[in-house]
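Here the structure is laid out as structure tokens; the discussion comes afterwards.
The values are calculated or read from the model by the stated rules, or taken from the named source; none is laboratory data. Here the structure is a predicted model, which is why all the values come from computation and not from measurement. Cβ placement follows ideal geometry from the backbone for every residue including glycine, while neighbour counts extend to all protein chains displayed. With ligands, DNA and RNA removed, areas are computed over all heavy atoms of the protein, side chains included. Shrake-Rupley method; radii C 1.70, N 1.55, O 1.52, S 1.80 Å.
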Amino acid sequence: MTDNSKVRPVVLCVVGARPNFMKIAPIMRALGGQGRVDARLVHTGQHYDYAMNEAFFRQLDIPAPDVSLEVGSGTHAQQTAQVMQRFEPVLDDGRADCVLVVGDVNSTIACALVAAKKGVRVVHVEAGLRSRDRTMPEEINRILTDQLSDRLYVTEREGVDNLLAEGIARDKVVFAGNVMIDTLQHNLGRAVPAVETITQACAATNRSAAAFLETPDGYAALTLHRPSNVDDPAVLADLLGTLGQLATRTPIVFPMHPRTEARIREAGLGDFLARGDVLPMPPLGYLEMLGLVREARLVLTDSGGLQEETTALGIPCLTLRDNTERPVTVSEGTNHVVGTDPGTIHEVFNLILSNGGKAGRRPELWDGHAAERIAADLAGWLEAR
Ligand code: UD1
């Protein structure tokens, strides 16, 4: 038997933080299934808690990483620098034909920068998204990663225009669709029913599950973690005040990112978590979150991925930010960018409860097959070199 791995191009796929895992799962599956490249996985360890990390590997059947860098948390500079220092020697054997990065987290830019300077080609999945808000660390990561990339896979058409406007050559850019939706579609049948997740969290916090499950308008699912919303105690207090008012109408189920829970407690805002109409819980696995969102009356969030998932599921979404890098979720999907102004949040919330909000439709190429298109294009591109 011949060993094909010696001749197949080597693709080093990088993951680091929670939103990367849903993106890499279908890519690893498609690259493996096609068999034209040798795909290897590097985990930077930016996220490390079981609930933020290992739970996703298990549920999404992501293969164990070939390389673990175990960088952990730190300031942006510390974390980015740690990833760079630890990733550089991984490329020293010269075997990698390209480094594939996904999304916009610190691990994405760190590995892209190391690869580009080592002369290894960079492939970016989820390229071209722009919020035009440079106070967001992710926006900086997006712009720089795209500038360093040799092949750029885009999730929505506007992303192509954004890249061209920044001087990126058209022949590097491929509109491939959205790998997040591949994962959603692949796992919808395995989603954990919301009743199980809610009942368990109520038991853990001595609350009545009926208060969340037997209500006229169902429940709202909430996630919050953007520094702009949670790091400033005054901003956080105002936002939780508004959300508390909404909860009196529709109870809120709240899986909490660890930084968010820490910020709420540091700011002395723990009362929000003690309310009978708010159900706090630790971060959920992918299948639990999918079930919770699918059955929610609406979603309140500052996450990027949830804006896409709610659009794909047809669930109304209120994005608690002043902008979005995913405009197709507003123009075609169910997303409303409401910022943090209480008046706007109340207005859109009431509208959705009264008439269900806009219907929305699935954007072009959000069809569950984006990773297969990426795998086919990537193999052809590498073989041609
Ligand atoms: C990162 C990404 C963000 C993404 C988010 C999803 C960047 C710049 N940001 O933000 O785009 O939406 O992940 O979760 O990369 N922590 C834990 N356990 C963990 C990981 C983090 O407790 O497993 C806590 C630590 O206190 C840490 C803090 O969360 O300092 C922030 O983690 P970090 O990786 O710096 O950024 P995120 O806020 O998670």
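Is it possible to state the helix-based mean residue ellipticity at 222 nm for the chain, with each DSSP H run of 4+ residues giving -39500 (n - 2.57), the sum divided by total residues, to the nearest 500 deg cm²/dmol? What is it? List each step's numbers first, then the result.
Numbers: 18 runs with 176 residues, N = 385.
Per the formula, -13500 deg cm²/dmol.
Against the longest principal axis of the chain, how steep is helix 342-355, in degrees 0 to 90 to the nearest 10, with axes from Cα atoms?
90 degrees
Would you mind getting the accessible area per residue of the chain, heavy atoms of the protein chains only, 1.4 Å probe, in Å²? Intermediate values should be presented prior to the final figure.
Numbers: 15310 Å² over 385 residues.
Ligands and nucleic acids excluded, the figure is 40 Å² per residue.
Using the Karplus curve 6.51 cos²θ - 1.76 cosθ + 1.60 with θ = phi - 60°, work out ³J(HN,Hα) for each residue of region 275-292 in order, rounded to whole Hz, and write x for Gly and Pro.
Here the 3J(HN,Hα) series is 5, x, 9, 10, 10, x, 7, x, x, 9, x, 4, 6, 5, 5, 4, x, 5 Hz.
What length, rounded to one decimal in nm, is gained on full extension from residue 271 through to residue 377, with 0.36 nm per residue of separation minus their alpha-carbon distance?
Working: separation 106, 0.36 × 106 = 38.16 nm, distance 5.18 nm.
Answer, rounded to one decimal: 33.0 nm.
Could you give the length gained by full extension between residue 164 and residue 204, i.e. 0.36 nm per residue of separation minus their alpha carbon distance, to one decimal place?
On the way: separation 40, 0.36 × 40 = 14.40 nm, distance 5.10 nm.
Computed gain between residue 164 and residue 204 is 9.3 nm.
How far apart, in nm, are the 7 Å Cα→Cβ label points at residue 249 and residue 68?
Going from the residue 249 label point to the residue 68 one covers 4.6 nm.
Let me spell out the model: positive unit charges on the Cβ of Lys and Arg, negative unit charges on the Cβ of Asp and Glu, origin at the Cα centre of the chain. What dipole size does that give, in debye rounded to 20?
Details: 38 positive and 49 negative charges, 101 e Å.
Around 480 debye, computed over the chain.
For residue 95, project a label point 7 Å along Cα to C-beta. Then give me every residue of region 112-136 with its amide nitrogen under 20 Å of that point.
Counting backbone N atoms under 20 Å from the label point, the list is 112, 114-116, 118-123.
Give me a comma-separated list of calculated 3J(HN,Hα) values for region 298-312, in order, Karplus coefficients 6.51, -1.76, 1.60 applied at θ = phi - 60°, integers in Hz, x for any Gly or Pro.
Using θ = phi - 60°, the values come out as 7, 10, 10, 7, 10, 7, x, x, 5, 4, 6, 5, 5, 4, 5 Hz.
So if I place +1 on the C-beta of Lys and Arg and -1 on the C-beta of Asp and Glu, and nothing else carries charge, what would the dipole magnitude of region 226-341 be about its Cα centre? I want it in debye, nearest 20. Kindly include the intermediate steps, with their values, before the conclusion.
Values: 10 positive and 16 negative charges, 44 e Å.
The calculation lands at about 220 debye.
Using Cα positions and a limit of under 17 Å, work out the aspartates and glutamates in reach of residue 118, with same-chain residues fewer than 8 apart set aside.
Those aspartates and glutamates meeting the cut-off are 88, 92, 93, 97, 146, 150.
Compute the relative contact order of region 236-349 as a whole-number percentage, counting only Cα pairs closer than 8 Å that sit 6 or more residues apart in sequence.
On the way: 140 pairs, mean separation 22.4, N = 114.
Relative contact order of region 236-349: 20 percent.
Please determine, in degrees from 0 to 90 and to the nearest 10, the orientation of helix 76-87 with respect to the longest principal axis defined by the Cα atoms of the chain, where the helix direction is its Cα long axis.
That works out to roughly 30 degrees.
To the nearest 10 square angstrom, how much accessible area does residue 311 have with a 1.4 angstrom probe?
Spelled out: residue 311, probe radius 1.4 Å, area about 10 Å².
Using a 1.4 angstrom probe on heavy atoms only, work out the carbon and sulfur share of the accessible area of the chain in %. Walk me through the numbers before you get to the answer.
Details: 7680 of 15310 Å².
After summing per-atom areas, the C and S share lands at 50 percent.
Estimate the FRET efficiency between residue 361 and residue 133 by the formula 1/(1 + (r/R0)^6), using the beta-carbon distance for r and 30 Å for R0, to the nearest 0.05. Don't skip to the answer; put the middle values down first.
Details: r = 27 Å, r/R0 = 0.89.
Result of the calculation: an efficiency of 0.65.
Given 216, 194, 154, which one lies farthest toward the positive end of the charge dipole of region 133-226, if we put +1 on the Cβ of every Lys and Arg and -1 on the Cβ of every Asp and Glu?
Farthest along the dipole direction, towards plus: 194.
Given labels modelled 7 Å from the Cα in the Cβ direction, how far is it in nm from residue 157 to residue 188?
Those two pseudo-labels are separated by 2.3 nm.
Sequence gap at least 6, Cα distance under 8 Å: using those rules, report the relative contact order of region 1-150 to the nearest whole percent.
Details: 261 pairs, mean separation 34.6, N = 150.
Value for region 1-150: 23 percent.
Just tell me which aspartates and glutamates come within less than 13 Å, Cα to Cα, of residue 358; anything on the same chain fewer than 8 places away is out.
332
So for the chain, averaging the separation of alpha carbon pairs under 8 Å that are six or more residues apart and normalising by length, what relative contact order in percent results?
Working: 728 pairs, mean separation 60.9, N = 385.
16 percent.
Pick out, from 328, 228, 299, the residue whose Cα sits farthest towards the positive end of the charge dipole of region 198-350, with +1 on the Cβ of Lys and Arg and -1 on the Cβ of Asp and Glu.
Farthest towards the positive pole: 299.
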